[in-house]
Amino acid sequence: MKAYHLAARACVGLSLLALSATASAAPLTGSGTNLPIPTFNPGEPPRQGRALSGVTGTAFNGTWTAPALTPWQGTFNAFGPVPAGTSSPAGTTRYDFSPLTAGLLPAGTFFAFGDVDGGSTVTEQFILSAFDAGGSLITTPWLDEPIGVSGVGTGGGGAFLPGNLPGWDWNASLGQYTIDGTTVTGGNPSLTVWLESNTDMATLHVERVSTFANFSLSAPIPEPASAALLLVGGLALGFRRR
């Protein structure tokens with residue numbers, strides 16, 4: 001029976017390790033002409049995109065439900081245009097995460113930047129600032145380096161080239177990230193860069209300079225392998241109790 005107990009503990013431990021696998025990325029600091037492509041590129045992370053509702057052009061809501069992890073579940077409010085799609089205007093959107101289960105947007109949220117490049121011949125940029133529960137500007141780097149790149153690059157067979165990714169700038173005094181498509185070279189890639197937050201935040205301000213670039217938030221979900229390990233661990237624990 002002891003063997004089953006140890007097996008269950010090992011399964012649960014492996015599951016937790018798998019769920020936190022993306023947490024090892026380094027904070028995104030400084031600036032550069034192109035965001036780095038991860039050495040191991042898993043592409044799009046296991047995620048749940050926000051379900052939009054109440055879209056008026058000047059406000060919208062986003063909802064996460066299971067299998068999104070519990071702290072992310074609930075509906076957040078956003079004031080401003082949806083920062084995605086050419087039918088939605090450019091401008092600044094303020095996100096309020098207080099209605100979520102955790103009362104804020106937990107660290108570990110996926111930030112997706114799509115089509116931030118020079119293909120439309122206009123300036124494609126996002127400018128982001130985050131604030132804590134007390135309303136103070138977060139001035140420590142709150143995003144990590146890219147954890148994945150998905151889509152199609154301009155290399156052979158659609159491979160991603162270093163110049164395909166947008167540039168970035170972290171301004172600590174302003175607590176501000178700029179994701180900049182004007183530094184993209186090598187044609188017109190069609191890709192999404194996935195970054196992960198490392199700090200809880202209560203509100204987020206996102207300025208979209210051009211309607212040709214897209215931004216969205218996603219909540220993490222258990223990876224299939226992690227879910228299977230948790231199931232096996234649960235079964236083993238149940239057997240042990242008998």
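Each reported figure results from applying straightforward, stated rules to the coordinates on display, with no laboratory input. Treat the numbers as computed from the prediction; the structure is a model and nothing was measured. Cβ coordinates were reconstructed from backbone atoms using ideal geometry, including for glycine residues, and neighbour counts include every protein chain displayed.
Before moving on, here are some points about what is shown:
- Net charge of neighbours whose Cβ lies under 11 Å from the Cβ of residue 178, counting Lys and Arg as +1 and Asp and Glu as -1: -3
- Inter-label distance, nm, simple model (7 Å from Cα along the C-beta direction), residue 56/residue 152: 3.9
- Computed from the C-beta positions of residue 101 and residue 39, the FRET efficiency with R₀ = 30 Å rounds to 0.30.
- Full-extension gain in nm, residue 121 to residue 188, via 0.36 nm per residue minus C-alpha separation: 23.1 nm
- For the pair residue 171 and residue 132 in one chain, pulling the backbone fully straight at 0.36 nm per residue adds 12.3 nm over the alpha carbon distance.
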